[in-house]
1. State the percentage of accessible surface on segment 31-89 attributable to carbon and sulfur atoms; use a 1.4 Å probe and exclude ligands, DNA and RNA.
2. In whole Hz, what ³J(HN,Hα) sequence does segment 55-66 give by Karplus (6.51, -1.76, 1.60; θ = phi - 60°), x for Gly and Pro?
3. Which semi-axis lengths, in whole Å and largest first, follow from the square roots of five times the eigenvalues of the Cα gyration tensor of segment 27-94?
Amino acid sequence: MAALLHPDREQLRLEDVLAALGHPVRMKIVRAIASGEETYCGAIETGAPKSTLTHHWRVLRESGVIHLRHSGRRNYLTLRREDLDARFPGLLTVVFSDDADGHAAPAPPPAPH
């Protein structure tokens with residue numbers, strides 16, 4: 001099997017990461033692996049047909065959001081949290097501040113003057 005493309009940390013581009021995160025299925029995948037633990041892809045419930053998941057994994061992998069590892073007939077996913085935090089500090093905090101339905105968390109009240 002050919003080696004998979006995983007861009008180096010320095011190659012991560014904000015526009016690629018945001019485009020990858022801009023799809024609801026890919027956000028479900030990222031939220032499911034937010035702990036940083038390697039997760040068998042079959043254990044992630046997305047509601048999407050299995051036939052489209054390969055595409056979503058490829059987009060996330062090529063943008064640098066996830067690391068995908070083959071082991072036999074299984075694929076395992078890991079969030080590249082350390083690389084994303086180093087390149088785009090605070091991005092994952094914003095991504096994970098949304099609720100499960102994808103609605104933004106309420107903005108904090110303005111600071112008193």
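1. Using a 1.4 Å probe with all protein chains present, segment 31-89 comes out at 46 percent carbon and sulfur.
2. Those phi angles translate into 4, 5, 4, 4, 4, 5, 5, 5, 7, x, 6, 10 Hz.
3. 20, 13, 11
The values are calculated or read from the model by the stated rules, or taken from the named source; none is laboratory data. The model shown is predicted, which means the values in this text are computed figures rather than measured ones. These accessible areas exclude ligands, DNA and RNA; they are computed on the full protein's heavy atoms, side chains included. Shrake-Rupley method; radii C 1.70, N 1.55, O 1.52, S 1.80 Å.
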